[in-house]
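First comes the structure, then the notes that go with it.
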Amino acid sequence: MRRLKLPGVLAAGLLTFQAAVLASSPARAEEFSGNDLRDIRLGMAAAELAESDYVDFACAVDPKRTLAGWKNWRDCPADANGTRAIRFGYDPTTTRDGTMVAGHPAILTLLIDDSGHIAGLQIETDPKARLYVRKKAFLLGLQAKSRYGSDGWACTEGQPGAGDEPVGGVYLRERCTKTISGRSLVVERNLFRRPDQDSKSFVDETRIVIQNASK
């Protein structure tokens, strides 16, 4: 993969962040035994999920179809694999910053299979968040990769589309995958400006998908 040329303050900030990540990461991570998000862990039973710390339950395919809690997960339609996608957020009484992951405003989706177990988790940076708090959304992908071990990722970099432009001298369309401890991981990061976007608008996002590797 080619190196990104980052100007000025952005370059210095990213280099500082990467140095901290490398300093705190093990040289090699073959296994992962922690939770995937807060008290949520791939493979656990939906019945074990705490409802007191979460709010805004809804079916991901139809957010207007709200749910009273995790226990109503079967009210959402199943996909071809029998998996149901539940949108949720953090209880504002337990966090003053709203639904955020590693400092980034996020949209969260839990996947529950027909046996009532967690089959996957999706974490996406919120494109509707204020620019000030989402302008470095692409960095969340680096944090996710560090959490599951910096080694063993297979990454590809997309080329600019017609009329796409870099943001601050950076063009990023990256997709990285890894399998570890029964998990299939996908981390996608994007930073660029489309032809129809003005100087204050651009694509800046991370999408993380964690699924059961056997699915």
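Keeping to region 137-171, report how many residues are assigned to a strand (DSSP E or B) and touching a Phe, Trp or Tyr at 6+ places or on another chain (Cβ under 6 Å).
The initial filter retains those residues of region 137-171 that are assigned to a strand (DSSP E or B), namely 154-157, 165, 167, 170.
Restricting the remaining residues to those that are touching a Phe, Trp or Tyr at 6+ places or on another chain (Cβ under 6 Å) gives 167.
Matching residues across region 137-171 total 1.
Scanning region 67-89 for residues that are free of Cβ contacts under 8 Å to residues at least 12 places away in the same chain and either over 19 Å from Asp114 (Cβ atoms) or in contact with a helix residue (DSSP H, G or I) (Cβ under 9 Å, 6 or more places away or on another chain) (or both) yields one hit, Ala68. Give region 172-194 a look and list any residue that's out of contact with any strand residue (DSSP E or B) (no Cβ under 8 Å at 6 or more places or on another chain) and either outside any strand (DSSP E or B) or surrounded by fewer than 15 Cβ atoms within 10 Å (Cβ to Cβ) (or both), or say none. Once the filter is applied, which keeps residues that are out of contact with any strand residue (DSSP E or B) (no Cβ under 8 Å at 6 or more places or on another chain) and either outside any strand (DSSP E or B) or surrounded by fewer than 15 Cβ atoms within 10 Å (Cβ to Cβ) (or both), region 172-194 yields only Ser181.
Suppose we filter Lys128, Lys64 for residues that are part of a strand (DSSP E or B) and at pLDDT below 95; which single one remains?
Details: Lys128 fails: part of a strand (DSSP E or B).
One residue alone meets the criteria, Lys64.
Within region 73-95, the set of residues being of a type in the set (Val, Ile, Thr) and part of a strand (DSSP E or B) comprises Ile86 only. From the list Gly98, Gly43, Gly120, the one residue that fits, being in a loop (DSSP other than H, G, I, E, B) and at pLDDT 95 or above, is Gly43. The sole residue among Ala23, Ala58, Ala29 that is modelled with pLDDT under 90 and not in a loop (DSSP other than H, G, I, E, B) is Ala23.
Sub-6 Å Cβ pairs linking a first residue in region 43-66 that is aromatic (Phe, Trp, Tyr) to a second residue that is in a strand (DSSP E or B), at least 6 apart or interchain, are Tyr54/Phe88; Phe57/Phe88, ordered by first then second residue.
The values are calculated or read from the model by the stated rules, or taken from the named source; none is laboratory data. Remember, predicted model here, so these are calculated numbers, not experimental data. Note: ideal-geometry Cβ built from the backbone for every residue, glycine included; neighbour counts use all protein chains shown.
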